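Structure first, commentary second.
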Amino acid sequence: MTDLPTLTSDCAQCAALCCVGLTLDKGDLFSFDKPAGTPCPNLSGHLCACHSQLEEIGNRGCVLYDCAGAGQRVVQMRFNGESWRDDPTLLPAMLRDFEQMKPLHERMKQLTEAGALALPPALETERQRLLRKCARLWADTPALARDFEAFLDAIVPLSEA
Ligand code: SF4
Ligand code: SF4
């Protein structure tokens, strides 16, 4: 089987890319608006100053969020552990790479979970092919997205059985 990157978040190895890169929309999941590309006002260094009170302050969306390991991979593999805190000129490229990497990690996570199903041989071969491809790439591609969606469509009946 392909060597896969870690598919769980390791925020200590990241640079709070989600807390900077993502848009927050005031509503059920977030208690305030924040535009993409702007550090959250609750961010202190790379840490959330209200991490233990996210539910209480109305930011359940932060608790639910999972980058599937894309954040730390970008910081460690693409930027050698550097941070936009030390060099703000890195920020646009870091956020761009994070946006490109995240769908690949989400796909790898879903493909890994699909491995628990009793897939017919042809679908298992396709699952492994897609995993290898996701692990090799640094950005999603239209062809990969198409093949991934086709794979999901094919396994829906099996996952509901
Ligand atoms: S992008 Fe991922 S690893 Fe980085 S801080 Fe956010 S959840 Fe943690
Ligand atoms: S509230 Fe905390 S976890 Fe949520 S975006 Fe802001 S800094 Fe990040």
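Could you grab me the full set of residues in the stretch 6-21 that are of a type in the set (Gly, Ala, Ser), more than 6 Å from ligand 1 (Cβ to nearest atom) and out of contact with any helix residue (DSSP H, G or I) (no Cβ under 6 Å at 6 or more places or on another chain)? Matches in the stretch 6-21: ALA12 only. Against the numbered list (1) surrounded by 15 or more Cβ atoms within 10 Å (Cβ to Cβ); (2) out of contact with any Ser or Thr (no Cβ under 9 Å at 6 or more places or on another chain); (3) closer than 20 Å to ARG136 by Cα, CYS67 comes up short only at (2). Here ALA154 does not fit the description of being surrounded by 11 or more Cβ atoms within 10 Å (Cβ to Cβ) and closer than 26 Å to CYS19 by Cβ.
Listed here are the helices (runs of 4 or more DSSP H) enclosed by the stretch 50-161 that have at least 3 residues being farther than 30 Å from LYS26 by Cβ and either modelled with pLDDT of 95 or more or under 19 Å from the mean Cα position of the chain (by Cα) (or both): 91-114, 121-136, 142-160.
Residues are listed down the side, and each one gets a yes or a no for (1) away from ligand 1 (no atom under 13 Å from the Cβ); (2) within 30 Å of VAL156 (Cβ to Cβ):
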residue: CYS48; (1), (2): no, no
residue: HIS51; (1), (2): no, no
residue: CYS67; (1), (2): no, yes
residue: GLY71; (1), (2): no, yes
residue: GLY81; (1), (2): no, no
residue: THR89; (1), (2): yes, no
residue: PHE98; (1), (2): no, yes
residue: ALA116; (1), (2): yes, yes
residue: ARG127; (1), (2): yes, yes
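Scanning the stretch 1-58 for residues that are within 8 Å of ligand 2 (Cβ to nearest atom) and either in contact (Cβ under 8 Å) with a residue 40 or more places away in the chain or in contact with a His (Cβ under 9 Å, 6 or more places away or on another chain) (or both) yields ALA16, CYS18, CYS19, LEU22, ASN42. Scanning the stretch 39-76 for residues that are in contact with an Asp or Glu (Cβ under 8 Å, 6 or more places away or on another chain) and of a type in the set (S, T, N, Q) yields one hit, GLN72.
Rundown of residues vs (1) touching a helix residue (DSSP H, G or I) at 6+ places or on another chain (Cβ under 7 Å); (2) surrounded by 13 or more Cβ atoms within 10 Å (Cβ to Cβ), yes/no style:
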{"site": "TRP84", "(1), (2)": "yes, yes"}
{"site": "ASP87", "(1), (2)": "no, no"}
{"site": "GLN100", "(1), (2)": "no, yes"}
{"site": "GLN110", "(1), (2)": "no, yes"}
{"site": "ALA116", "(1), (2)": "no, no"}
{"site": "PRO121", "(1), (2)": "no, no"}
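The values are calculated or read from the model by the stated rules, or taken from the named source; none is laboratory data. All figures in this text were calculated on a predicted structure; none of them were measured in a lab. Cβ coordinates were reconstructed from backbone atoms using ideal geometry, including for glycine residues, and neighbour counts include every protein chain displayed.
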